[in-house]
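A short write-up of the structure that comes next.
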Amino acid sequence: MYKSIALANTIYYVGVNDRRTALFENMWPLHRGVSYNSYLIVDEKITLIDTVDSGHTDKWLARIRAIIGEKAIDYLIVNHMEPDHSGSISILRELYPQLIIVGNKKTLPMIDGFYGLITGMKEVAEGESISLGTHSLTFYTVPMVHWPESMVCFETTNNILFSSDAFGSFGALEGGIFDDEVEFDYFKNEMRRYYSNIVGKYGNPVQKALGKLKGLDIKQIAPSHGLIFREHIGEVIDMYDRWSRYEGEEGVVIAYASMYGNTEEMAEAIARELAENGIRNIRVFDVSKTHASYIISDIFKFKGIILGSPTYSNELHPNMEALVLKLQHMGVVNHYFGAFGSFTWAGASVKKLVEAGESLSWELVMPGVEEKQGLKKDKYQACIELGKAMAERLMKDRK
């Protein structure tokens, strides 16, 4: 019934799309869905690389059986234990009781913890290989990209890197499975939103993983979510390199909270001055309207960030506070920063925003701008100066 999708001779994509789940990890909006990628190698040892979310097991098994029929599966490679990839392990073991589950020393206790399975396991070490017959797989641990047991495996006949969550993306696959079958730019934003929100806290581990994989002659990257790469390999590795170093492009994210429009008016003045001073990439977000994952994604993309908030019960507006806490938790560094806000009888928001920027070692382009009650001429001019100061700081970096 299913037409097989081959990465190479006897290596197949058997993943599934999920367009029904609203929130990934019950947090991140999936307006374009998500794919759960699984791979099948048909050799002397028939091998699966990762499973899928348990809600899609039947469809996944049907795709596997369309290729191997009633043959037994010998190995299951568990690159990552998060349940969207490991959720079908128990049913797979019931169907194929002789199945050997392959993982590293941190994987196997998690399999016991999640699924109560302790037998039929094979532990692999860093750099160890297993032969499947014609094909072989070599394993590399990539701890904290983005769980402690995360690993990747490299198929050495066709030079395919099965990269687990690394190089993954939000977004269901829309007919095209490979990057050279689609408009690649359409997928980039969802790749960055996935990276920044799921992996973004772990910049240093990503850098270590990239260094570990640098010597491999990679011809394809097959992640656990999103496109399989065979044309844009250098580009996606460069994207991960830049993102994990928090190296932003020229541009500014203005994110603000506003209850009655006064702080919003300040944001509009700042944005206009940025444009008049030659900054073309400007993104303005109301944190009460836009989910934080989209704002964080653009913060990873652009070098400048300007945050604004009214004072709310002597604190930041709750939605701005939530965004700031996420950025602090992720440790998003290496940005130019500005702050603004308003208050009615006692100001606190701008001071707290500046302190948040200092905690992340952001470079403050000028003192924060704070207005009491409605926006007046002097603070309107200060907003203009803030926009100008940010533009000038960004343009200093132009080559």
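Worth a mention:
- One residue stands out among those in the stretch 356-367 that are under 31 Å from the mean Cα position of the chain (by Cα) and either in a loop (DSSP other than H, G, I, E, B) or β-branched (V, I, T) (or both): the one that is surrounded by the fewest Cβ atoms within 10 Å (Cβ to Cβ), which is S361.
- Residue that is surrounded by the most Cβ atoms within 10 Å (Cβ to Cβ), among those in the stretch 320-330 that are in contact (Cβ under 8 Å) with a residue 24 or more places away in the chain and hydrophobic (A, V, I, L, M, F, W, C): M320
- Which listed residue, of P97, P109, is surrounded by fewer than 15 Cβ atoms within 10 Å (Cβ to Cβ) and either in contact with an Asp or Glu (Cβ under 7 Å, 6 or more places away or on another chain) or in a loop (DSSP other than H, G, I, E, B) (or both): P97
- Candidates are the residues of the stretch 255-270 that are assigned to a helix (DSSP H, G or I) and touching a helix residue (DSSP H, G or I) at 6+ places or on another chain (Cβ under 7 Å); the one that is nearest to S342 (Cα to Cα) is M266.
- Of residues in the stretch 289-319 being in contact (Cβ under 8 Å) with a residue 60 or more places away in the chain and assigned to a strand (DSSP E or B), the one surrounded by the fewest Cβ atoms within 10 Å (Cβ to Cβ): K303
- Among (1) more than 16 Å from the chain's Cα centre (by Cα); (2) surrounded by fewer than 18 Cβ atoms within 10 Å (Cβ to Cβ); (3) within 30 Å of A389 (Cα to Cα); (4) touching a residue at least 12 places away in the same chain (Cβ under 8 Å), the one test that R245 misses: (1)
- Restricting the stretch 208-230 to residues that are farther than 15 Å from V182 by Cβ and of a type in the set (G, A, S) leaves a set whose member that is surrounded by the fewest Cβ atoms within 10 Å (Cβ to Cβ) is G215.
- Check on R280, surrounded by fewer than 20 Cβ atoms within 10 Å (Cβ to Cβ) and assigned to a helix (DSSP H, G or I): no
- Condition check for E371 on (1) assigned to a strand (DSSP E or B); (2) in contact with a Ser or Thr (Cβ under 9 Å, 6 or more places away or on another chain); (3) under 16 Å from M320 (Cα atoms): one failure, at (3).
- Given (1) in contact with a strand residue (DSSP E or B) (Cβ under 7 Å, 6 or more places away or on another chain); (2) closer than 25 Å to L360 by Cβ, number of the condition E155 does not satisfy: (2)
None of the figures in this text is laboratory data; all of them are computed from the coordinates on show. Being a predicted model, the structure only gives us computed values, none of them experimental. FYI the Cβ positions are ideal-geometry reconstructions off the backbone, even for glycines, and counts take in every protein chain you see.
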